[in-house]
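Quick notes on the structure that follows.
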Amino acid sequence: MRRTNLIFFWCLLCIHAKAQWVVQQVPTTNALRDVYFADTTNGWVTCSDGIFHTHDGGYNWELQYPVSAGHLCGLSDTELWATKSRDTLLHSTDGGISWDIVTINSFTDFDSTYYCNCLFL
């Protein structure tokens, strides 16, 4: 009987310890390309519509950059990098309020079919 109670208690503990998923609305009907959350409330997504930001965990979204963006990588809640095109990256140091275009000249010698489609920091 003691062993049965212990197994039952362990099962209850495992069930309650699992993470819970909450379905959120996305700010576009287009496919999302990447997502980055600096914490539980501040997050960004990229898609062909641009870069969107949420400050309330995904309940509301605002468009921060209205041009197609690809992969996204954040170093903090203020510094963000995103891929834009064959030889262009986007960089923000103010949480996406403004974006600087960073051109990578070494990519311009490649055929136009090559794109910067990954970003790791």
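The values are calculated or read from the model by the stated rules, or taken from the named source; none is laboratory data. If you're wondering where the values come from, they're calculated on a predicted model, not measured in any experiment. In this analysis, Cβ positions are derived from the backbone assuming ideal geometry, glycine residues included, and neighbour counts consider all displayed protein chains.
Remarks
- Taken over the stretch 71-89, the criterion of being of a type in the set (A, V, I, L, M, F, W, C) and under 17 Å from residue 43 (Cα atoms) is satisfied by 72, 73, 75, 80, 81, 82.
- The residue that is farthest from residue 34 (Cα to Cα), counting only those in the stretch 62-77 that are aliphatic (A, V, I, L, M) and surrounded by 16 or more Cβ atoms within 10 Å (Cβ to Cβ), is 69.
- Test for residue 100: is it at pLDDT 90 or above, under 14 Å from the mean Cα position of the chain (by Cα) and surrounded by fewer than 10 Cβ atoms within 10 Å (Cβ to Cβ): no
- Output for the stretch 45-61, where each listed residue is within 11 Å of residue 32 (Cα to Cα), in a loop (DSSP other than H, G, I, E, B) and of a type outside the set (S, T, N, Q): 49
- Odd one out for residue 90 among (1) among the hydrophobic types (A, V, I, L, M, F, W, C); (2) under 13 Å from the mean Cα position of the chain (by Cα); (3) at pLDDT 90 or above: (2)
- Against the conditions (1) closer than 23 Å to residue 75 by Cα; (2) over 12 Å from the mean Cα position of the chain (by Cα), residue 23 satisfies every one except (1).
- Residue 107, sole failed condition from (1) part of a loop (DSSP other than H, G, I, E, B); (2) at pLDDT below 85; (3) hydrophobic (A, V, I, L, M, F, W, C): (1)
- Within the stretch 62-96, being part of a strand (DSSP E or B), touching a Lys or Arg at 6+ places or on another chain (Cβ under 8 Å) and in contact (Cβ under 8 Å) with a residue 40 or more places away in the chain holds for one residue alone: 72.
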